[in-house]
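See structure below.
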């Protein structure tokens, strides 16, 4: 073990070391969290938590659930576009539901069985989640994620969700052609005049 008098040539005092460490930690707090591979905004933990949340709202059965239909991908894309104003809402809600799950069930929300995830979401829907985690009892976060999950599940796949037209096939809606593409050759559309 090196005596403390020899660390840094004896000139580095404990107070200086702690102050510089605290400054470095504070500077690191301002950084944006790294997105999960394949995502633009969500961290790996947030993507897992959101995937479990939307799969609880729209669970898989004989048809794909929300996660398999690309709803997490849709929300992630939109959080860098149209839902940008909700970035902090998502970060706070995903962190809060995970902390609640750990305190109540001893594990992350994404690792809970479906019935236990449903129980927590029902409490949020009623506005009865812990107020120290959700100031309004969870109602606003529940409504936000539900609205965006429905958009991602039933919307046009070109926006990042409804992968493979999962929901449209489920309800019997035929896939629509992509607008803006020319379906006929120019010769068929504009025959030469003689």
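The values are calculated or read from the model by the stated rules, or taken from the named source; none is laboratory data. Model, not experiment: these values are computed from the prediction. FYI the Cβ positions are ideal-geometry reconstructions off the backbone, even for glycines, and counts take in every protein chain you see.
Is the stretch 119-131 home to any residue that is closer than 19 Å to residue 72 by Cα and part of a helix (DSSP H, G or I)?
Among the residues of the stretch 119-131, at least one is closer than 19 Å to residue 72 by Cα and part of a helix (DSSP H, G or I), which makes the answer yes.
Considering only residues of the stretch 69-117 that are loosely packed, with under 15 Cβ neighbours inside 10 Å and in contact with a helix residue (DSSP H, G or I) (Cβ under 7 Å, 6 or more places away or on another chain), which is nearest to residue 143 (Cα to Cα)?
114
Restricting attention to the stretch 139-157, does a residue exist that is in a loop (DSSP other than H, G, I, E, B) and farther than 26 Å from residue 44 by Cβ?
Within the stretch 139-157, one or more residues are in a loop (DSSP other than H, G, I, E, B) and farther than 26 Å from residue 44 by Cβ.
What number goes with the only condition from (1) closer than 28 Å to residue 165 by Cα; (2) modelled with pLDDT of 95 or more that residue 68 does not pass?
(2)
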